[in-house]
Amino acid sequence: MRYFIKTFGCQMNFNDSERLRGILKTMGYEPAQSWEEADLILINTCTIREKPDQKVYSHLGEFKKIKERNPKALIGVCGCLAQRMGEELVQKAPVIDLLFSSFNMHQLPELIQQAQAGYKAIAILDNPPSDEDKLWEFPTVRDNKYCAYVTVMKGCDKNCTYCVVPKTRGRQRSRSLESILKEVKSLVEDGVREIHLLGQNVTAWGQDIGTPFEELLYRVAEVPGVERIRFTTGHPKDLTESIAKAMGEIPQVCEHLHLPVQAGSNRILKLMDRGYTKEEYLEKVHMLKEYVKGITFSTDIIVGFPTETEEDFEETLDVLRKVRFEQVFSFKYSPRPDTPAYSMEGQVPDHIKTERMSRLLELQKRILSEIAREYEGTIQEVLIEGCEGSKLTGRTRTNRWASLSGDESLLGSLVKVKVVSSKPFNMECELVEG
Ligand code: SAH
Ligand code: SF4
Ligand code: F3S
């Protein structure tokens with residue numbers, strides 16, 4: 001039996017798919033090269049903005065054709081769109097045989113059995129079930145041998161007014177320290193060097209089990225063989241001084257942080273219910289720079305939130321100029337059903353969002369090319385993750401892609417390189433001896 005999984009959305013969804021692959025592996029399934037050859041097709045969906053929704057619908061159209069040619073193929077939809085739409089999705093697309101969400105991925109074996117017996121296996125729950133921790137008993141199947149994601153918490157306890165995540169993923173549930181460390185140990189035994197801790201709001205990990213997030217960082221760093229640690233996504237509000245201190249103290253924690261600001265105007269930040277002001281955000285960045293020498297940042301920006309004026313938008317551009325992010329992920333505000341911002345007055349017309357977005361991208365392009373140049377001539381540490389012919393690729397501690405000539409035997413090692421030339425998204429480097 002062969003499976004094919006198509007994944008949309010964030011890193012957490014990708015890690016969920018790695019877990020689904022692990023579940024399928026324990027059931028004896030093998031991966032298929034394409035969906036045409038698969039006996040089971042899973043679409044792990046995202047619904048954060050309207051675009052991902054549409055992509056899923058267009059895929060379902062294709063799968064209908066598959067079903068006509070190969071009636072035995074089972075088609076499953078999981079993830080956040082499945083949780084949000086529930087049975088309505090199956091009514092829209094009767095081709096779906098299985099429907100579940102991130103709440104109950106561990107039930108996949110039973111759901112497959114039901115579907116094989118000819119029933120529609122629809123299991124969309126209002127709340128996560130009490131046995132959802134069973135999920136951690138399954139392995140993951142990963143493509144990257146040396147860098148691994150580890151989901152440390154599920155859900156989100158914030159209420160950003162534009163966001164569907166608290167609805168699609170539920171309230172915050174921290175995974176136990178014991179369970180996380182067990183997975184980290186087994187990943188390291190499997191050759192992994194870099195551990196990337198994941199949560200929608202990862203710096204809030206532990207709040208519901210009485211352990212601070214920095215404790216998790218110290219404990220993961222104690223696992224022999226862990227050479228690098230990253231974590232995503234840190235919410236500015238939960239990024240405490242103790243976390244910054246731990247980041248500076250722990251040698252394996254990389255000098256890079258994704259810290260979404262969303263907007264620069266205090267009025268808009270308040271309407272978004274982000275829980276910080278522009279000044280507080282900039283203070284956090286300053287504090288992190290004090291504790292973590294050489295730290296770089298990336299961020300998420302929403303352009304055209306309801307009532308955003310030209311002056312508000314200028315405040316966002318001001319944050320970009322002040323922080324000088326290495327990467328900016330910017331999104332046009334997309335109204336999501338059942339979120340407070342959906343029905344706010346003052347929705348911004350699309351052409352204004354587009355115009356502001358292009359100005360933002362233009363500014364960021366300029367900043368990034370300046371940053372890129374500053375890397376030239378510097379010495380960086382790179383973890384070699386990929387090899388094509390004699391070309392090696394990997395990332396610096398500050399999360400920039402580097403490529404260099406070298407031998408395949410360096411795969412999985414940390415090497416010192418000198419940056420020869422640096423473009424916005426890649427740096428040509430050479431090995432430094434010794
Ligand atoms: N938990 C993370 C964000 C997860 S969603 C955090 O709080 O930072 C990833 C990004 O999608 C968000 O940071 C935001 O920039 C964007 N996003 C979320 N909802 C959106 C919406 N309705 N319209 C446009 N962008 C949105
Ligand atoms: Fe969404 Fe806000 Fe939670 Fe991030 S912190 S997942 S943006 S509600
Ligand atoms: Fe999308 Fe769900 Fe992630 S909505 S961004 S897949 S948490």
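Among the numbered criteria (1) assigned to a helix (DSSP H, G or I); (2) open to solvent by less than 10 Å² (accessible area, probe 1.4 Å), which single criterion is violated by ILE43?
Against the list (1) assigned to a helix (DSSP H, G or I); (2) open to solvent by less than 10 Å² (accessible area, probe 1.4 Å), ILE43 comes up short only on (1).
Which residues, taken from the range 151-181, are within 16 Å of ligand 3 (Cβ to nearest atom) and outside any loop (DSSP other than H, G, I, E, B)?
THR151, MET153, LYS154, VAL165, PRO166, LYS167, THR168, ARG169, ARG173, listed by residue number.
Looking at ARG356, ARG366, which one is of a type in the set (Lys, Arg), in contact with a strand residue (DSSP E or B) (Cβ under 9 Å, 6 or more places away or on another chain), in the same structural domain as THR168 (by TED's automatic domain parsing) and in a helix (DSSP H, G or I)?
On the way: ARG366 fails: in contact with a strand residue (DSSP E or B) (Cβ under 9 Å, 6 or more places away or on another chain).
None of the other options fit; the residue is ARG356.
Which numbered condition trips up THR7, out of (1) within 16 Å of ligand 1 (Cβ to nearest atom); (2) exposed (fewer than 14 other Cβ atoms within 10 Å of the Cβ)?
Failing condition for THR7: (2).
Just one of (1) open to solvent by less than 30 Å² (accessible area, probe 1.4 Å); (2) within 14 Å of ligand 3 (Cβ to nearest atom); (3) not charged (D, E, K, R) trips up TRP205, so point out which.
Unmet condition: (2).
Is the range 101-118 home to any residue that is in contact with a Cys (Cβ under 8 Å, 6 or more places away or on another chain), in contact (Cβ under 8 Å) with a residue 60 or more places away in the chain, within 24 Å of ARG2 (Cβ to Cβ) and assigned to a loop (DSSP other than H, G, I, E, B)? Spell out the reasoning first.
Our first condition is that a residue be in contact with a Cys (Cβ under 8 Å, 6 or more places away or on another chain); within the range 101-118, this holds for 101-102, 105.
The next check asks that each one be in contact (Cβ under 8 Å) with a residue 60 or more places away in the chain; those that pass are 101-102, 105.
Okay, now just the ones that are also within 24 Å of ARG2 (Cβ to Cβ), so 101-102, 105.
Next cut, assigned to a loop (DSSP other than H, G, I, E, B) only: 101.
Yes, because at least one residue in the range 101-118 is in contact with a Cys (Cβ under 8 Å, 6 or more places away or on another chain), in contact (Cβ under 8 Å) with a residue 60 or more places away in the chain, within 24 Å of ARG2 (Cβ to Cβ) and assigned to a loop (DSSP other than H, G, I, E, B).
Looking at the range 292-322 only, could you name the residues that are crowded, with 17+ Cβ neighbours inside 10 Å and farther than 16 Å from GLN364 by Cβ?
Of everything in the range 292-322, those that are crowded, with 17+ Cβ neighbours inside 10 Å and farther than 16 Å from GLN364 by Cβ turn out to be VAL292, ILE295, GLY304, PHE305, PRO306, GLU308, ASP312.
Just a yes or no: is a residue in the range 278-291 assigned by TED's automatic domain parsing to the domain that holds GLU355 and in a loop (DSSP other than H, G, I, E, B)?
Here is the first cut: in the range 278-291, the residues assigned by TED's automatic domain parsing to the domain that holds GLU355 are 278-291.
If we keep only those that are in a loop (DSSP other than H, G, I, E, B) as well, we get none.
Within the range 278-291 (the criterion being assigned by TED's automatic domain parsing to the domain that holds GLU355 and in a loop (DSSP other than H, G, I, E, B)), the answer is no, since none of the residues qualifies.
Just the residues that are surrounded by fewer than 21 Cβ atoms within 10 Å (Cβ to Cβ) and of a type in the set (Asp, Glu), please, taken from the range 72-127.
Within the range 72-127, GLU87, GLU88, GLU110, ASP126 qualify.
Hey, any hits in the range 178-201 for a residue that's free of Cβ contacts under 8 Å to residues at least 60 places away in the same chain, touching a His at 6+ places or on another chain (Cβ under 6 Å) and under 28 Å from ALA263 (Cβ atoms)?
Filtering the range 178-201 for residues free of Cβ contacts under 8 Å to residues at least 60 places away in the same chain gives 178-190, 192, 195, 197, 201.
Those left that are additionally touching a His at 6+ places or on another chain (Cβ under 6 Å): 201.
Subset that is under 28 Å from ALA263 (Cβ atoms): 201.
Yes, some residue in the range 178-201 is free of Cβ contacts under 8 Å to residues at least 60 places away in the same chain, touching a His at 6+ places or on another chain (Cβ under 6 Å) and under 28 Å from ALA263 (Cβ atoms).
The values are calculated or read from the model by the stated rules, or taken from the named source; none is laboratory data. Worth saying up front: this structure is predicted, and the values here are computed from it rather than measured. Cβ: placed from backbone, ideal geometry, glycine included. Neighbour counts: every protein chain shown. Side chains included, ligands, DNA and RNA excluded: accessible areas come from the protein's heavy atoms. Shrake-Rupley method; radii C 1.70, N 1.55, O 1.52, S 1.80 Å.
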